[in-house]
Amino acid sequence: MPEIRSTLLLDQDGVTLPDLPAVLRYLFPVSAGPFTIEAAPDNNSSTYHALSQPLANPAWLYIATDQPINLKFNDGSDVFALGAPGSILFQNVSLSSAPLISYNNPAATGGNTANITILLFGNS
């Protein structure tokens, strides 16, 4: 069974914040990735591309990018703007409405292609 372990350690002005580090360990029946998507510039912030979903119900996901991108989750209208270099980690989530994850590269035509790295764990 695939295992993922994450450790969170935050310091403020050289002082570790209370109750940290936090170490979380998860065992999931299935995993996908890491894999990378090359997202060409969309020349707008309204064209979204559904991620080909390798897992039906991811419960843990990590997304990293080398260029600014926009993300939507659960077929929602809320946009998460992720700067570059940037990453986002979701633990103990429930994504159920397709498309589960969609992305947009708002760069102008001729701009930089975004390399989006994704790692997913889940129950199916």
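The values are calculated or read from the model by the stated rules, or taken from the named source; none is laboratory data. Everything numeric in this text was worked out from a predicted model, so none of it was measured. Please note: Cβ atoms are built from the backbone with ideal geometry, for glycine as well, and neighbour counts cover all protein chains shown.
Assorted remarks:
- Residue list for region 1-32, filter: outside any strand (DSSP E or B), modelled with pLDDT of 90 or more, loosely packed, with under 10 Cβ neighbours inside 10 Å and not charged (D, E, K, R): Gly14, Pro18
- Scanning region 33-78 for residues that are part of a loop (DSSP other than H, G, I, E, B), touching a residue at least 24 places away in the same chain (Cβ under 8 Å) and farther than 27 Å from Pro2 by Cβ returns Ala40, Pro41, Asp42, Asn43, Asn44, Ser45, Ser46, Thr47, Tyr48, Gln67, Pro68.
- Residues that are of a type outside the set (A, V, I, L, M, F, W, C), in contact with a strand residue (DSSP E or B) (Cβ under 9 Å, 6 or more places away or on another chain) and closer than 16 Å to Ser94 by Cα within region 24-77 comprise Tyr26, Pro29, Ser31, Gln53, Pro54, Asn57, Pro58, Tyr62, Lys72, Asn74, Asp75, listed in sequence order.
- Strands (runs of 3 or more DSSP E) enclosed by region 79-124 - at least 1 residues per element that are under 29 Å from Met1 (Cα atoms): 86-91, 101-104, 114-122
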